[in-house]
Amino acid sequence: MRDLIWMIPALPLAGFALLLAFGKRLGEPLAGWLGTATVAGSFVVTLGVFLTLRTDGGADHRLTQSLFTWVPAGSFKADLGFLVDPLSISMCLFVTGIAALIHLYSIGYMHGDPRYHVFFTYLNLFVFSMLMLVLGDNLLVTFLGWEGVGACSYFLISFWFSEEANASAGKKAFVTNRVGDWGFMCATFFTFSALGTLSYTGIIDGASALPRSTATVIALLLFVGAVGKSAQLPLYVWLPDAMAGPTPVSALFHAATMVTAGVYLMVRINPVLAASAHWLPTLIATVGAVTALFAATIALAQNDIKKVLAYSTVSQLGYMFLAVGSGAYVGAIFHMITHAFFKALLFLGAGSVIHGMGDEQDMRRMGALRKLMPITAATFIVGWLAIAGVPPFSGFFSKDEILVYAWQKSPVLWAIGFVTAILTAFYMARQVYLVFFGDARWGEPVPEAAASPAANEAQQSAAEVDDTTATDANDEAPVAAHAASDAGADGHGHEAHADVHPHESPWTMTLPLVVLAVGAIVAGALNMPFFDRLKVLEHWLAPVVEHGQAHLTVSSGLKVGLGVVTVVGALVAFALARLVYLRGRQDVAEQIEQPVFARGWYYDSSIAAFMGGPGRRLFDAVSWFDRTIIDGAVNGVATLVRGGGDRVRVLQSGYVRNYALGVAFGAIVLVGLLLSRAVF
């Protein structure tokens with residue numbers, strides 16, 4: 001299988017090409033099955049390469065494949081090649097595996113959409129781009145995939161572009177990611193200038209010899225790129241709006257791909273981080289911890305079922321950056337893998353609820369769905385317990401590993417992570433109780449008390465949208481029709497939906513839920529604590545992270561104590577959420593769901609106000625300076641040269657006698673000068 005590495009990204013690319021050429025002719029559902037088959041085939045090839053890597057990869061478990069020289073330019077050369085090592089193949093396994101499940105889910109979810117084949121065309125291109133990102137053996141190939149997923153994010157988020165808010169959300173994601181791309185490009189330039197190569201092998205081998213200042217600049221600029229792609233403060237604003245796309249898109253972005261690219265990049269360049277200034281890892285950990293807490297507080301007051309999960313993703317990504325900054329590179333990848341399972345499960349479960357509720361996304365209009373949607377409810381609850389960190393579900397093991405490393409680095413960072421874990425348990429319990437337990441509320445208008453300022457402030461920005469779907473005539477599968485706000489027909493969120501008949505989703509949607517639920521339960525076995533032989537993932541990733549991985553010095557007793565504290569905290573959060581949302585303590589709910597949380601701490605709206613006010617005037621001033629001063633200087637020089645040329649041109653008459661006269665006159669002048677010097 002060594003020679004078939006190229007097939008991992010080639011199969012989704014082939015699917016994209018076939019769907020682009022014949023997708024409309026294939027129609028529904030063949031276009032969906034073709035897209036699903038190519039990604040599933042990529043997963044099968046990835047499994048084969050993984051087994052080959054374990055047996056034939058040598059001591060460092062590394063395979064390379066160079067297809068051709070992509071960019072030969074003087075001393076610079078970049079190959080289109082692939083690097084398969086424990087990190088990249090681990091990424092490929094869960095990217096292709098979960099993406100295949102999301103493709104299968106989409107066959108049912110996108111039923112009836114007039115652009116059905118276009119959706120799967122975009123999905124295949126997205127998976128190809130993500131695989132190029134993680135498999136590339138140099139920064140340039142990684143940047144190709146990096147830009148590819150950025151472009152696909154625009155296509156998929158604004159898939160229902162007929163709604164202006166959806167188109168705006170896509171543009172917002174595209175523009176925000178350009179800030180991070182600037183950091184990536186500058187880091188690439190610095191890397192080649194310092195090392196003369198962009199290959200990861202050359203970077204890893206030469207990182208220890210880099211001057212500390214150079215290593216710090218490269219790592220800091222790559223961190224800027226990671227902050228943009230993985231939605232950390234201050235560039236997180238695009239990710240919550242990414243839910244404007246169809247729910248499978250949300251699952252693909254938030255779970256298995258794209259947003260984890262920044263974390264992957266930080267782990268990949270861990271030797272450069274190890275050679276950088278000591279304050280940089282602390283900065284990374286601090287940004288991650290603050291982002292995690294910040295997003296968790298916002299999730300407390302969201303009423304849209306997908307919006308809660310969107311801010312949850314931002315928070316969990318913060319955990320991963322906390323791990324990177326604390327030297328827990330294995331913990332970051334471990335949490336990335338477990339998060340891929342339970343977050344894909346939660347988003348697809350939310351899509352199943354939206355389908356069963358006839359497009360409804362406001363949790364205040366749900367309730368008591370566990371009996372009518374038993375598979376969706378059971379699997380969603382598994383995802384809830386996993387993300388809340390309840391043993392033996394996978395999230396407990398990965399989250400607590402990060403918190404132990406955070407404790408070793410700084411008790412303050414641990415405290416922020418601990419509070420975030422408690423808030424996560426609370427807002428996820430709130431979501432489960434409002435959606436699946438309590439009284440059925442889908443036939444009733446939202447009470448005025450529920451439409452308090454804390455609830456109405458949930459519209460975080462002008463571009464905030466929810467993707468909705470409509471059911472077909474047989475009510476068997478959703479028709480992805482358009483996106484609309486989560487308000488009711490009156491525009492204020494008070495409209496009743498008396499004709500809603502909640503029902504379970506078709507098998508193409510529930511089967512991925514069951515598979516992901518199993519993964520959310522057992523994925524924790526990849527890196528069990530205490531016994532060295534059970535730390536499978538740690539041993540597997542050792543050749544990649546050996547330069548930067550921190551070594552724990554805390555005692556086993558402290559590890560157990562920290563784990564018990566977090567579990568008890570999660571159970572207390574469950575109990576409090578039950579008291580508030582199942583016992584009807586609306587007064588307490590209003591105290592928790594503060595307007596400042598619902599408004600996202602006014603961060604997004606402040607950016608919008610700045611861009612529409614002082615920012616616009618600043619940009620207009622920059623445009624005037626460029627147009628008047630820069631272009632004016634260039635145009636002025638051109639005008640001066642042209643005018644001077646017009647005046648000199650009259651001397652070039654083309655008549656030989658004039659030129660002879662000029663030569664004679666010049667000779668007389670020269671003779672005169674020589675005679676004057678001789679006399680005087």
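The values are calculated or read from the model by the stated rules, or taken from the named source; none is laboratory data. Quantities reported herein were computed from a predicted structural model and do not represent experimental measurements. Ideal geometry is used to build each Cβ from the backbone, glycine not excepted, and the neighbour counts take in all protein chains shown. Note: accessible area is taken over every heavy atom of the protein model, side chains too, but ligands, DNA and RNA are not part of it. Shrake-Rupley method; radii C 1.70, N 1.55, O 1.52, S 1.80 Å.
Just one of (1) buried (at least 24 other Cβ atoms within 10 Å of the Cβ); (2) in contact (Cβ under 8 Å) with a residue 60 or more places away in the chain fails for H111. It is (1). Within the stretch 38-80, the set of residues being open to solvent by 60 Å² or more (accessible area, probe 1.4 Å) and among the hydrophobic types (A, V, I, L, M, F, W, C) comprises F43, V44, L47, L51, A59, L67, F68, W70.
Looking at this structure, is G23 at pLDDT below 95, open to solvent by less than 20 Å² (accessible area, probe 1.4 Å) and part of a helix (DSSP H, G or I)? So G23 passes the test. When you check A638 against the structure, is it closer than 30 Å to F610 by Cα and of a type in the set (G, A, S), yes or no? When the stated conditions are applied, A638 does not pass them.
Applying the set (1) open to solvent by less than 60 Å² (accessible area, probe 1.4 Å); (2) of a type in the set (A, V, I, L, M, F, W, C); (3) farther than 13 Å from R430 by Cα to W601 leaves exactly one unmet item: (1). Only a single criterion out of (1) open to solvent by less than 70 Å² (accessible area, probe 1.4 Å); (2) modelled with pLDDT under 95 is not satisfied by A14, namely (2).
Of all residues in the stretch 166-198, which are open to solvent by 10 Å² or more (accessible area, probe 1.4 Å), of a type outside the set (A, V, I, L, M) and farther than 26 Å from A73 by Cβ? Result: S168, K171, K172, F174, T176. Residues of the stretch 119-150 that are open to solvent by 30 Å² or more (accessible area, probe 1.4 Å) and farther than 21 Å from V71 by Cα: Y122, L125. In a residue-by-residue description of the stretch 28-38, the property of being part of a loop (DSSP other than H, G, I, E, B), under 24 Å from T197 (Cα atoms), of a type in the set (D, E, K, R) and at pLDDT below 90 applies to no position. Pairs meeting the criteria (first residue in the stretch 22-43 and over 12 Å from F128 (Cα atoms) and aliphatic (A, V, I, L, M), second residue open to solvent by less than 20 Å² (accessible area, probe 1.4 Å) and assigned to a helix (DSSP H, G or I), beta carbons under 7 Å, at least 6 apart or on different chains) are A31/L19; A31/G23; A31/Y116; A31/F120; L34/G15; L34/L19; A40/A100. Just for the stretch 1-11: of the residues that are open to solvent by 40 Å² or more (accessible area, probe 1.4 Å) and part of a helix (DSSP H, G or I), which one is farthest from S66 (Cα to Cα)? Across the stretch 1-11, the extreme among qualifying residues is L11.
Taking the stretch 181-209 as the range and being hydroxyl-bearing (S, T, Y) and touching a Leu at 6+ places or on another chain (Cβ under 9 Å) as the test, the residues that pass are T188, T191, S199, Y200, T201. How about the stretch 245-262: which of its residues are touching a strand residue (DSSP E or B) at 6+ places or on another chain (Cβ under 6 Å) and aliphatic (A, V, I, L, M)? Of everything in the stretch 245-262, nothing turns out to be touching a strand residue (DSSP E or B) at 6+ places or on another chain (Cβ under 6 Å) and aliphatic (A, V, I, L, M). For the stretch 26-37, a residue qualifies if it is under 25 Å from the mean Cα position of the chain (by Cα) and open to solvent by 40 Å² or more (accessible area, probe 1.4 Å), and exactly one does: A37. Looking only at residues of the stretch 536-563 that are of a type in the set (V, I, T) and touching a helix residue (DSSP H, G or I) at 6+ places or on another chain (Cβ under 8 Å), we find that the one that is most open to solvent (accessible area, probe 1.4 Å) is T553. Within the stretch 175-191, residues that are in contact (Cβ under 8 Å) with a residue 60 or more places away in the chain sit with their Cβ atoms under 7 Å from residues that are β-branched (V, I, T), at 6+ positions apart or across chains, in these pairs: T176/V237; G180/V224; G180/V227.
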